[in-house]
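Read through the structure below, which is laid out as structure tokens, and then see the notes.
The values are calculated or read from the model by the stated rules, or taken from the named source; none is laboratory data. Note that the structure is a prediction, hence the values are computed from the model and not measured. Neighbour counts run over all protein chains shown; Cβ positions are idealised from the backbone, glycine included.
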Amino acid sequence: MPRFTFALSTTELVREAGVIKSASLAEALDLVGEHATVNAGDTLEIGVRGFPPARFECVSTMIKGSPLWRAHGRLAA
């Protein structure tokens, strides 16, 4: 099972960082939302060792508090 390293930031200040084991990136994003307080405007860098991290921005939180993520920054070629 892949180990995803993540850093959750608010206005360039890292609030929370850690490692999550999950089968997919989508599942890892859900787990971050379950275990951390995420607000609209927060950014998340997440990835696996050996590859550059993906960067996402929380555009809103849903009814159950689950964040809605949107890709942020440059796109891969």
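Side notes on the structure shown:
- Looking only at residues in segment 14-28 that are out of contact with any Ser or Thr (no Cβ under 9 Å at 6 or more places or on another chain) and among the aliphatic types (A, V, I, L, M), the one that is surrounded by the most Cβ atoms within 10 Å (Cβ to Cβ) is Leu25.
- Subset of segment 54-64 (residues that are out of contact with any Leu (no Cβ under 6 Å at 6 or more places or on another chain) and either surrounded by 15 or more Cβ atoms within 10 Å (Cβ to Cβ) or of a type in the set (Asp, Glu) (or both)): Ala54, Arg55, Glu57, Cys58, Thr61
- Selection status of Ala23, among the hydrophobic types (A, V, I, L, M, F, W, C), touching a residue at least 12 places away in the same chain (Cβ under 8 Å) and out of contact with any Phe, Trp or Tyr (no Cβ under 9 Å at 6 or more places or on another chain): yes
- Any chance Leu25 is of a type in the set (A, V, I, L, M, F, W, C) and modelled with pLDDT of 90 or more: yes
- Identification of strands (runs of 3 or more DSSP E) wholly contained in the chain with 3 or more residues that are of a type in the set (D, E, K, R) yields 13-21.
- Output for segment 2-13, where each listed residue is closer than 11 Å to Leu44 by Cα, more than 10 Å from the chain's Cα centre (by Cα) and either aromatic (Phe, Trp, Tyr) or surrounded by 12 or more Cβ atoms within 10 Å (Cβ to Cβ) (or both): Thr10
- Selection count, segment 65-74, where residues are among the hydrophobic types (A, V, I, L, M, F, W, C) and surrounded by fewer than 12 Cβ atoms within 10 Å (Cβ to Cβ): 1
- Filtered residues of segment 38-53 (kept if farther than 15 Å from Gly73 by Cα and buried (at least 18 other Cβ atoms within 10 Å of the Cβ)): Val38
- The C-beta contact set for segment 46-61 (first residue under 14 Å from Glu27 (Cα atoms), second residue of a type in the set (Lys, Arg) and surrounded by 13 or more Cβ atoms within 10 Å (Cβ to Cβ), distance under 9 angstrom, 6+ apart or interchain) comprises Ile46/Arg55.
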